[in-house]
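Quick notes on the structure that follows.
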């Protein structure tokens, strides 16, 4: 910085509300264009800082005496001042002004009147084609000074005029016409004949730029969506309702700052539309990721904008370039919804040099009015594993499109909302628990599809795609529940039995990629219901073993890529786990491509395992049991009556029969475990589906002859 440069902290220009953010941009734009081309600006500690040749008093003097307002007129709007029935004093005064500062604005007003007269309009254009015609004439014939406003207010496409959410519908924010109010505010701060500042314009300006206190001087004037706290209405002040109190300079500068945002027409790959509206850092609304989030926000919102906060000095040309390109990417595509933008921030898929984003949603509030609601600050920092979400992109997009249909059950929209909330969370904080919530949310969505087979077939939906094993590293929180869920989800089996997933959804086990068996969406192999976890595990165990026997399989289909540790099985049997967490994780982890199974796995001995489980589990193994080096495989026949008796509360009888079968097979256990309460018996029966390694099976066979501390306690 040279000696003639000064840095001013503009305390009135802060990231929130939206009006204050736009004021900071306005100061940089107007000073850079009209006073000091070398001016630079940045954000520091939630305040916009300006580096220029102007000191404080010189900056105030520039706006009070030398600032030339940008021509903002909208002859396509009814309240623009060009038609009877609305306030016309401001536009008439400016058009008749001889002030040099207002000459460009007066010239554009005069040109607009010519266009209106040529079109034969005595009142505002009533239909869209007529309004589009007026906008086209303005775009073709207005002088260059008005083009920044036109570029920011609307974009002409092959289907008509499109409007960015920042400026409402072409400069009309509900009942508030922005350009007419802009001119009214101008005449409140300067005299139209002399161009001199009116009293108390200086106090208003110091308050607007620097946050200086100003008491009793604000005007009863609307500010629209840009500053919800100043918009008035119910509970705005003491009493039932309050007025909208506005600093005229706030209104003027926020519109001047909005001109840095310009629309662009782009062609998107794969889009059926020849051109679609693209607006800087603006995407469709995701009603998640903030405290007051609601599913109604999606339907009652225009869009959401993520406004960049940069911490290094940048000149006007650099900021214009940043906002002109204003895009965020997810993988190889542009962000389309708020969740996409959060992912872009977490993967640094945004323009470099941005430290954070202030997220705003244009929400319908107070009847039919829209307000730019702050939705939180997002720091630009890479979160681990976020690239894994690319694996689910197409699937989530298809699920989102299906959920948008009104005829789809509400459960689809609830599931989508949970997915988006989980993705938002993992983009802020990529902890294992956050990643587990993503997996659980994805699993809930697949479960929703399975419970609505007609909708799933009609919408041509598919199960979750294959997920890479890297998801396991992202989700591993070291918990018993996660390890048990991995053991269950990794259970596999040869066709037609298939993996455990085939007992939870109507899965086509003959295809390479996950697909629903659309010809049999209610197939008998699907036994998982809305019951408790123990009931569902027992049902899956019975069905899988029955199918294996029916189809002549030599081994029970209970092998898995991730065997369950014995101490984790004990925790499940003694109900020392979160069963909801296990169940929801299983639904999501079913989609993981497990790869080769882990071999040579041996758990530490665990005295908490009931001997009744040990006896029964030895008759529910996925592989032959060999004891000792080079030992012969024991013939341990499967008997469905054993697990059934245990599940029905006849644990003592089940273990007595198991001990008899083991003796007949040559194992000769020296104990017949006693029974237990019905709840324990049910969990032991359910736990028989949990896969264990060959090494752990040998450990059970070696330990089954001695009572354990847990068994003694149960007795």
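Please verify whether residue 110 is at negative phi, in contact with a helix residue (DSSP H, G or I) (Cβ under 9 Å, 6 or more places away or on another chain) and at pLDDT 95 or above, treating the condition exactly as stated.
Values: at negative phi: yes; in contact with a helix residue (DSSP H, G or I) (Cβ under 9 Å, 6 or more places away or on another chain): yes; at pLDDT 95 or above: yes.
When the stated conditions are applied, residue 110 passes them.
Every residue, every condition in (1) over 44 Å from the mean Cα position of the chain (by Cα); (2) in the same structural domain as residue 167 (by TED's automatic domain parsing); (3) within 23 Å of residue 186 (Cα to Cα), yes or no:
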position: 72; (1), (2), (3): no, yes, yes
position: 85; (1), (2), (3): yes, yes, yes
position: 88; (1), (2), (3): yes, yes, yes
position: 95; (1), (2), (3): yes, yes, yes
position: 106; (1), (2), (3): yes, yes, yes
position: 126; (1), (2), (3): no, yes, no
position: 130; (1), (2), (3): no, yes, no
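Could you say which residue among 33, 58 is more than 31 Å from the chain's Cα centre (by Cα), touching a residue at least 40 places away in the same chain (Cβ under 8 Å), over 14 Å from residue 253 (Cα atoms) and part of a helix (DSSP H, G or I)? Give the steps one after another, and end with the answer.
Details: 58 fails: touching a residue at least 40 places away in the same chain (Cβ under 8 Å).
Going through 33, 58 in turn, just one is more than 31 Å from the chain's Cα centre (by Cα), touching a residue at least 40 places away in the same chain (Cβ under 8 Å), over 14 Å from residue 253 (Cα atoms) and part of a helix (DSSP H, G or I): 33.
Could you list all residues from the range 1-15 that are in contact (Cβ under 8 Å) with a residue 40 or more places away in the chain and surrounded by fewer than 19 Cβ atoms within 10 Å (Cβ to Cβ)?
First, the residues of the range 1-15 that are in contact (Cβ under 8 Å) with a residue 40 or more places away in the chain: 1, 4-13, 15.
Passing the criteria: 1, 4, 5, 6, 7, 9, 11.
Going by what's in this entry, would residue 321 be described as in a helix (DSSP H, G or I) and either surrounded by fewer than 16 Cβ atoms within 10 Å (Cβ to Cβ) or on the phi > 0 side of the Ramachandran plot (or both)? Don't jump to the end; show me each part of the working.
Working: in a helix (DSSP H, G or I): yes; either surrounded by fewer than 16 Cβ atoms within 10 Å (Cβ to Cβ) or on the phi > 0 side of the Ramachandran plot (or both): yes.
Yes: the conditions hold for residue 321.
Results for (1) surrounded by 15 or more Cβ atoms within 10 Å (Cβ to Cβ); (2) assigned by TED's automatic domain parsing to the domain that holds residue 452; (3) at pLDDT 95 or above; (4) in contact with a helix residue (DSSP H, G or I) (Cβ under 6 Å, 6 or more places away or on another chain), shown as yes or no for each residue.
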residue	(1), (2), (3), (4)
521	yes, no, no, yes
524	no, no, no, no
544	yes, no, yes, no
549	no, no, no, no
552	no, no, no, no
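Residues of the range 675-708 being out of contact with any helix residue (DSSP H, G or I) (no Cβ under 6 Å at 6 or more places or on another chain) and either modelled with pLDDT of 90 or more or closer than 16 Å to residue 565 by Cβ (or both), which ones?
Once the filter is applied, which keeps residues that are out of contact with any helix residue (DSSP H, G or I) (no Cβ under 6 Å at 6 or more places or on another chain) and either modelled with pLDDT of 90 or more or closer than 16 Å to residue 565 by Cβ (or both), the range 675-708 yields 677, 678, 679, 680, 692, 693, 694, 695, 697, 698, 699, 703.
Taking residue 657 as the residue in question, decide whether it is assigned to a loop (DSSP other than H, G, I, E, B) and modelled with pLDDT of 90 or more. Don't jump to the end; show me each part of the working.
Details: assigned to a loop (DSSP other than H, G, I, E, B): no; modelled with pLDDT of 90 or more: yes.
Against the criterion (assigned to a loop (DSSP other than H, G, I, E, B) and modelled with pLDDT of 90 or more), residue 657 does not qualify.
Given the conditions (1) closer than 19 Å to residue 18 by Cα; (2) surrounded by fewer than 14 Cβ atoms within 10 Å (Cβ to Cβ), which single one is not true for residue 213?
Among (1) closer than 19 Å to residue 18 by Cα; (2) surrounded by fewer than 14 Cβ atoms within 10 Å (Cβ to Cβ), the lone unmet condition for residue 213 is (1).
Kindly indicate whether any position in the range 16-23 is within 30 Å of residue 113 (Cβ to Cβ), part of a loop (DSSP other than H, G, I, E, B) and either over 39 Å from the mean Cα position of the chain (by Cα) or touching a residue at least 40 places away in the same chain (Cβ under 8 Å) (or both).
Within the range 16-23, none of the residues are within 30 Å of residue 113 (Cβ to Cβ), part of a loop (DSSP other than H, G, I, E, B) and either over 39 Å from the mean Cα position of the chain (by Cα) or touching a residue at least 40 places away in the same chain (Cβ under 8 Å) (or both).
Regarding residue 537, is this residue modelled with pLDDT of 95 or more, surrounded by fewer than 22 Cβ atoms within 10 Å (Cβ to Cβ), under 34 Å from the mean Cα position of the chain (by Cα) and not assigned by TED's automatic domain parsing to the domain that holds residue 460? Step through it out loud before you land on a result.
Values: modelled with pLDDT of 95 or more: yes; surrounded by fewer than 22 Cβ atoms within 10 Å (Cβ to Cβ): no; under 34 Å from the mean Cα position of the chain (by Cα): yes; not assigned by TED's automatic domain parsing to the domain that holds residue 460: yes.
When the stated conditions are applied, residue 537 does not pass them.
What tally of residues in the range 304-341 results from selecting those that are farther than 26 Å from residue 41 by Cα and at pLDDT below 90? Walk me through how you get there before you give the answer.
Applying the first criterion (farther than 26 Å from residue 41 by Cα) to the range 304-341 yields 330-340.
Next cut, at pLDDT below 90 only: 330-336.
Count: 7.
Going through the range 481-515 one residue at a time, which ones are under 11 Å from residue 590 (Cβ atoms), touching a residue at least 60 places away in the same chain (Cβ under 8 Å) and in a helix (DSSP H, G or I)?
Answer for the range 481-515, where residues must be under 11 Å from residue 590 (Cβ atoms), touching a residue at least 60 places away in the same chain (Cβ under 8 Å) and in a helix (DSSP H, G or I): 485, 486, 488, 489, 500, 501.
Which one of these does residue 120 not meet: (1) modelled with pLDDT of 95 or more; (2) over 45 Å from the mean Cα position of the chain (by Cα); (3) on the phi > 0 side of the Ramachandran plot?
(1)
Quick grid of which residues meet (1) closer than 30 Å to residue 228 by Cα; (2) touching a helix residue (DSSP H, G or I) at 6+ places or on another chain (Cβ under 9 Å); (3) not in a helix (DSSP H, G or I):
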residue: 121; (1), (2), (3): no, yes, yes
residue: 130; (1), (2), (3): no, yes, no
residue: 134; (1), (2), (3): no, yes, no
residue: 138; (1), (2), (3): no, yes, no
residue: 145; (1), (2), (3): no, yes, no
residue: 149; (1), (2), (3): yes, yes, no
residue: 166; (1), (2), (3): yes, yes, no
residue: 170; (1), (2), (3): yes, yes, yes
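Residue 605 - would you say it is within 18 Å of residue 556 (Cα to Cα), outside any strand (DSSP E or B), touching a helix residue (DSSP H, G or I) at 6+ places or on another chain (Cβ under 8 Å) and modelled with pLDDT under 90?
Details: within 18 Å of residue 556 (Cα to Cα): no; outside any strand (DSSP E or B): yes; touching a helix residue (DSSP H, G or I) at 6+ places or on another chain (Cβ under 8 Å): yes; modelled with pLDDT under 90: yes.
When the stated conditions are applied, residue 605 does not pass them.
Filter the range 194-230 down to the residues that are at positive phi and touching a helix residue (DSSP H, G or I) at 6+ places or on another chain (Cβ under 6 Å) and list them by number.
Residues of the range 194-230 at positive phi: 195, 211, 216, 224.
Within the range 194-230, 195 is the sole residue that qualifies.
If you scan the range 554-572, which residues turn out to be in contact with a helix residue (DSSP H, G or I) (Cβ under 9 Å, 6 or more places away or on another chain) and assigned to a loop (DSSP other than H, G, I, E, B)? Give the steps one after another, and end with the answer.
Taking the range 554-572 and keeping what is in contact with a helix residue (DSSP H, G or I) (Cβ under 9 Å, 6 or more places away or on another chain), we get 554-558, 560-572.
Correct list: 554, 555, 556, 557, 558, 561, 562, 563, 564, 565.
Taking residue 373 as the residue in question, decide whether it is out of contact with any strand residue (DSSP E or B) (no Cβ under 6 Å at 6 or more places or on another chain) and crowded, with 21+ Cβ neighbours inside 10 Å. Step through it out loud before you land on a result.
On the way: out of contact with any strand residue (DSSP E or B) (no Cβ under 6 Å at 6 or more places or on another chain): no; crowded, with 21+ Cβ neighbours inside 10 Å: yes.
Criteria not met by residue 373.
Is there a residue being farther than 30 Å from residue 457 by Cα and touching a helix residue (DSSP H, G or I) at 6+ places or on another chain (Cβ under 7 Å) anywhere in the range 386-401?
Yes, the conditions are met somewhere in the range 386-401.
Could you list all residues from the range 651-667 that are in contact with a strand residue (DSSP E or B) (Cβ under 7 Å, 6 or more places away or on another chain) and within 11 Å of residue 637 (Cβ to Cβ)? Write out each step before concluding.
Pass one, the range 651-667, residues in contact with a strand residue (DSSP E or B) (Cβ under 7 Å, 6 or more places away or on another chain): 665-667.
Within the range 651-667, just 665 meets the criteria.
Residues 245, 253: which one is outside the structural domain of residue 317 (by TED's automatic domain parsing) and at pLDDT 90 or above? Don't jump to the end; show me each part of the working.
Numbers: 245 fails: at pLDDT 90 or above.
Every option except 253 fails the conditions.
In the same structural domain as residue 80 (by TED's automatic domain parsing), touching a residue at least 60 places away in the same chain (Cβ under 8 Å) and either more than 37 Å from the chain's Cα centre (by Cα) or under 16 Å from residue 255 (Cα atoms) (or both): does that describe residue 171? Don't jump to the end; show me each part of the working.
Values: in the same structural domain as residue 80 (by TED's automatic domain parsing): yes; touching a residue at least 60 places away in the same chain (Cβ under 8 Å): yes; either more than 37 Å from the chain's Cα centre (by Cα) or under 16 Å from residue 255 (Cα atoms) (or both): yes.
Yes: the conditions hold for residue 171.
The values are calculated or read from the model by the stated rules, or taken from the named source; none is laboratory data. Small disclaimer: the values here were computed from a predicted structure and weren't measured. Note: ideal-geometry Cβ built from the backbone for every residue, glycine included; neighbour counts use all protein chains shown.
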